[in-house]
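Contents: one structure, followed by commentary.
The values are calculated or read from the model by the stated rules, or taken from the named source; none is laboratory data. Just so it is clear, the model here is predicted, and its values are computed rather than measured. Neighbour counts are summed over all protein chains in view; Cβ atoms, including those assigned to glycine, are modelled from backbone coordinates with ideal geometry. These accessible areas exclude ligands, DNA and RNA; they are computed on the full protein's heavy atoms, side chains included. Shrake-Rupley method; radii C 1.70, N 1.55, O 1.52, S 1.80 Å.
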Amino acid sequence: MSFDRHLSRRSFLSFSALTAASALTGCASSANTVTSGDTTIIYRSPMRLFQSPGASSVPSGAELAVMYGPIEDGGFLIPAVPYEQIDPRYYRQRVVDPTGQPPGTIVVDTPSRFLYLVQSDGMAMRYGVGIGREGFAWQGSGVIQWRQKWPRWKPPNEMVARQPELVKYSIDNGGMEPGLKNPLGARALYIFSNGEDTLYRLHGNPDWRSIGKAVSSGCVRLMNQDIIDLYDRVPTKAPIVVWQ
């Protein structure tokens, strides 16, 4: 599927089909795929996960218009995000690092719906995320083993068994082709632990309404504009920690 310059802007700003596709974002198996013996489980008090007043700097309206404006990428036109309708806490922004992790580490703070990329100056890039529904979440530590632009979506066999209508996108059938309706969005970062695929991903998503909520079937979703920014900052083999 390629970008057609003759398509109207209105057609790209229509979210009805994209929202329906985003409901399928399951890309991880159940939590027992990776046992506590295979990963380092880290628990923290939720009270330590929130920023103190003044710790972050919310971008200006002009900055947000650029950050979340339409993007042509890989032959696709990613629609603008109506950021005015999103809680400002979930805007991409630099904040004082609350994680205590080494620079270069990704930290997913599931209770607060934040993803941090720790920087070397005591700061961190913070992104708003949507998370997996209860019973589908993964926790622990690992590495970003693989990074992919405009990935194919291949729901795990367990998900296909629960939702037979997805069989056409199964692993055996090659998955869903990349594109604006693909639940993995513009980028995907694949998490491995102890050399094994956790089936857990950081990925883009066409539905901005899901940010800050627990709606997906297992993975951490970001707005497409944010996952592109994160992808460009994070190398392969970057460490990652997921807090519950």
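Quick one: how many residues across the range 50-68 are loosely packed, with under 10 Cβ neighbours inside 10 Å and modelled with pLDDT under 60?
3
If I go through the range 106-134 residue by residue, how many of them are surrounded by fewer than 20 Cβ atoms within 10 Å (Cβ to Cβ) and among the aliphatic types (A, V, I, L, M)?
The qualifying residues number 1.
Go through the range 183-215 and report how many residues are in a strand (DSSP E or B) and touching a Pro at 6+ places or on another chain (Cβ under 8 Å).
Keep residues of the range 183-215 that are in a strand (DSSP E or B), which gives 187-193, 196-205, 214-215.
Now narrow it down to the ones that are touching a Pro at 6+ places or on another chain (Cβ under 8 Å): 187-188, 199, 203, 205.
So the count comes out to 5.
Looking only at the range 70-105, filter to residues that are in a loop (DSSP other than H, G, I, E, B) and free of Cβ contacts under 8 Å to residues at least 24 places away in the same chain; which one of those is surrounded by the fewest Cβ atoms within 10 Å (Cβ to Cβ)? Before you say what the answer is, go through the steps one by one.
Quick first cut of the range 70-105, residues in a loop (DSSP other than H, G, I, E, B) only: 70, 74-75, 79-82, 86-87, 91-92, 97-105.
When the remaining residues are screened for being free of Cβ contacts under 8 Å to residues at least 24 places away in the same chain, the result is 100, 103.
Working: G100: 10, P103: 13.
The residue in question is G100.
Look at the range 154-210 and say how many of its residues are open to solvent by less than 60 Å² (accessible area, probe 1.4 Å) and of a type in the set (V, I, T). Spell out how you get there, then give the answer.
We begin by selecting, within the range 154-210, every residue open to solvent by less than 60 Å² (accessible area, probe 1.4 Å); these are 155-156, 159-160, 163, 166, 169-170, 174-176, 178-180, 182-193, 197-208, 210.
If we keep only those that are of a type in the set (V, I, T) as well, we get 160, 191, 198.
Residues flagged as open to solvent by less than 60 Å² (accessible area, probe 1.4 Å) and of a type in the set (V, I, T) within the range 154-210 amount to 3.
Any residue that is touching a Phe, Trp or Tyr at 6+ places or on another chain (Cβ under 9 Å), closer than 18 Å to R221 by Cβ and without any contact (Cβ under 8 Å) to a residue 40 or more places away in the chain - is there at least one of those in the range 118-128? Give the steps one after another, and end with the answer.
Within the range 118-128, the first condition is being touching a Phe, Trp or Tyr at 6+ places or on another chain (Cβ under 9 Å), and the residues that meet it are 124-128.
Then keep just the ones that are closer than 18 Å to R221 by Cβ; that gives 125-128.
Remaining after also requiring without any contact (Cβ under 8 Å) to a residue 40 or more places away in the chain: none.
Within the range 118-128 (the criterion being touching a Phe, Trp or Tyr at 6+ places or on another chain (Cβ under 9 Å), closer than 18 Å to R221 by Cβ and without any contact (Cβ under 8 Å) to a residue 40 or more places away in the chain), the answer is no, since none of the residues qualifies.
Looking only at the range 56-105, which residues are touching a helix residue (DSSP H, G or I) at 6+ places or on another chain (Cβ under 8 Å) and acidic (D, E)?
D73
So which residues in the range 169-188 are charged (D, E, K, R), in contact (Cβ under 8 Å) with a residue 24 or more places away in the chain and over 14 Å from W208 (Cα atoms)?
We begin by selecting, within the range 169-188, every residue charged (D, E, K, R); these are 172, 177, 181, 187.
Next cut, in contact (Cβ under 8 Å) with a residue 24 or more places away in the chain only: 177, 181, 187.
Within the range 169-188, E177, R187 meet the criteria.
In this structure, is I240 open to solvent by 10 Å² or more (accessible area, probe 1.4 Å) and among the β-branched types (V, I, T)?
On the way: open to solvent by 10 Å² or more (accessible area, probe 1.4 Å): no; among the β-branched types (V, I, T): yes.
No.
Going through L180, L166 one at a time, which residue ends up being farther than 30 Å from L64 by Cα, of a type in the set (A, V, I, L, M, F, W, C) and in contact with a Pro (Cβ under 7 Å, 6 or more places away or on another chain)? I'd like the intermediate steps shown before the answer.
Values: L180 fails: farther than 30 Å from L64 by Cα.
Testing whether each residue is farther than 30 Å from L64 by Cα, of a type in the set (A, V, I, L, M, F, W, C) and in contact with a Pro (Cβ under 7 Å, 6 or more places away or on another chain) leaves just L166.
Report yes if some residue within the range 218-225 is open to solvent by 20 Å² or more (accessible area, probe 1.4 Å), in contact (Cβ under 8 Å) with a residue 24 or more places away in the chain and not in a loop (DSSP other than H, G, I, E, B); otherwise report no.
no
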